[in-house]
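Each remark here refers to the structure printed beneath this line.
What follows is calculated from the coordinates using simple rules that are stated; it is not laboratory data. This one's a predicted model, so the numbers in the text were calculated from it and none came from an experiment. Because the Cβ atoms are built from the backbone with ideal geometry, glycine has one as well, and the counts that use them run over all protein chains shown.
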């Protein structure tokens, strides 16, 4: 019989709807029962693509005896961390404080008021490798709850205070250019000079750090661009990249990016597609453009819902085995390429199967549990063997006949915003109108279908139902995405939507006392702490995205109030950002934009294509771009701009003081190359 999760939309919660555990979703029904019956709460947090979440479900939550013990002694709550990042963040910080580490599945024990007093991650069904069994942990928790209530109550206030600490940070002076330079040096000191990335295994793709270094270009610190190249090459050559279908897995369990944790997340791929696009623009390697396009093509092919929104993730497991969908034996590949296996032969027999095996590093011994994760054995720059494209197509077609990993088909506002930004950016830079169309369609879906009756943004959508209050990251990522979409095609409705959303974000999330933004809105349900989340790895924090988006919006609109709000974020968290740059790369990107000589470029006229090509020919991270016909007033950067002699004109400005307009593309290129435009009064 289904439990209380059967009515939920989260695929992760629905996976547990048939468990014998009497699961509740997070909410007042569960919390009220805990208070009324004075029962401790067992909170289990995970997500649909999490391998060890599935393991713990099979071992414990599907076991009748374990479920009976849970039901008799706890109020059991199951949370999807992707739908409820507010709940996840609170209790993850608590678990990290209790144990020194965190991860999913996360198991936390709370008092009836929701205050955590014990927790951990995965617990096995039996004692193993020095880990207590799940039953032993639950029994010990019950003993403490019944015998040490006074001690638990005394600790509760300190626990809540610790969880609220970031919300009480006071502003200080915004770091200057010298501190930012020092932060870049410190960031690169953690670089892996052999395999790229930062630190040791497990390795997560450092998209925000790569974007920061690329944004600063040759000024990003000694060896910065070389390290970006090393990292982009290592990831695209590794097993973390799907060599057949495109797209990246969530992280690598080793330091060389070979063995992935096979789940594929929308957010990683939106961020990494842009990192490879910008790497192509700065470093010029065609292989980076290829990876960008293959990743976005995968999104459009496999991750796009019928309404134009994007699904959240593919699972790591298929048929109960991690990675089974993706790995190969030499015999399987030879059979496909010979035409007598599960897929078609390559046309004309041009692909030598042995050359394909060598190119992808496939051996009889294998590199993953006796099978092979495909990777570029000779490195990212190795010349492909003849017939590779046909061989890839055949192998991909054969793989499609396998049982696929589970799909998490909910749409999240913030992750869809990352996809919008990637598609719009690449569409404009690479001349891909299909990407621009997909970005616009997705933006329309989010703005039209993921709002409540009051027009407020919602977090999640599935099967025609959108619900749950959106968070700061949903608003902030979408502001950034809508600005990128506006700059990509000059449709003023996207600028207007970005400005309206930014004003809503300030009103509902802004901290009027100390500055910065809370992660939940003022009208959000009451939790034990209202927090300000920070940290930009593996994805940017809403706080950081809000700062950069508001700075870009201020440059396009001329509205200083947006910039002031962004500077408020930098005043709160700029100091920890320059001290711990590996954790705050996107916030440092906002600081760099704030300190830089930001350009505002307005293109005015009918056919702007020639002037657009000049602006888009390079990666210009500290430039905002507006375009439209003479007489356009939105965004305000276009106001009162005119054509010159009947020709489309470009105005290069800084702080809304502009050079004399130019109509010649070569002159525009020279102006963009100058260190600083010379202000001229404009009537």
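The figures follow:
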| quantity | calculated |
| --- | --- |
| Backbone N under 20 Å from the residue 607 label point (7 Å along Cα→Cβ), restricted to the range 638-657 | 642-651 |
| Length-normalised contact order for the range 326-402 - Cα pairs under 8 Å, 6+ apart - percent | 38 |
| Simple spin-label estimate for residue 113 and residue 667 in nanometres, 7 Å along Cα-Cβ | 7.0 |
| Among 444-455, 74-85, the order from most to least packed when residues are scored by Cβ within 10 Å on average | 74-85, 444-455 |
| Extension gain, residue 148 back to residue 194 (0.36 nm per residue minus Cα-Cα distance, nm) | 11.4 nm |
| Cα-based shape type of the range 350-441, given that a ≥ b ≥ c are square roots of the gyration tensor eigenvalues and the cut on a/c is 1.5 | prolate |
| Cα gyration tensor shape of the range 1-149, rounded if a/c is under 1.5, else prolate or oblate by comparing a/b with b/c | rounded |
| Spacing of the two label points (7 Å from each Cα toward its C-beta) at residue 58 and residue 17, in nm | 2.2 |
| The range 4-163 - percent relative contact order, Cα under 8 Å, separation 6 or more | 23 |
| Stretchable slack from residue 452 to residue 186, in nm (0.36 nm times residue separation minus alpha-carbon distance) | 91.3 nm |
| Stretchable slack from residue 402 to residue 172, in nm (0.36 nm times residue separation minus alpha-carbon distance) | 77.2 nm |
| Structure-based [θ]222 nm, the chain - -39500 (n - 2.57) summed over DSSP H runs of at least 4, per residue, nearest 500 | -14500 deg cm²/dmol |
| Three-way shape label, the chain, alpha-carbon gyration tensor, a/c 1.5 | oblate |
| Likely footprinting exposure, 552, 146, 432, 190, fewest C-beta neighbours within 10 Å first | 146, 190, 432, 552 |
| Label-point separation in nm, residue 335 to residue 253, each point 7 Å along Cα→Cβ | 2.5 |
| Over the chain, relative contact order from alpha-carbon pairs under 8 Å, at least 6 apart, % | 11 |
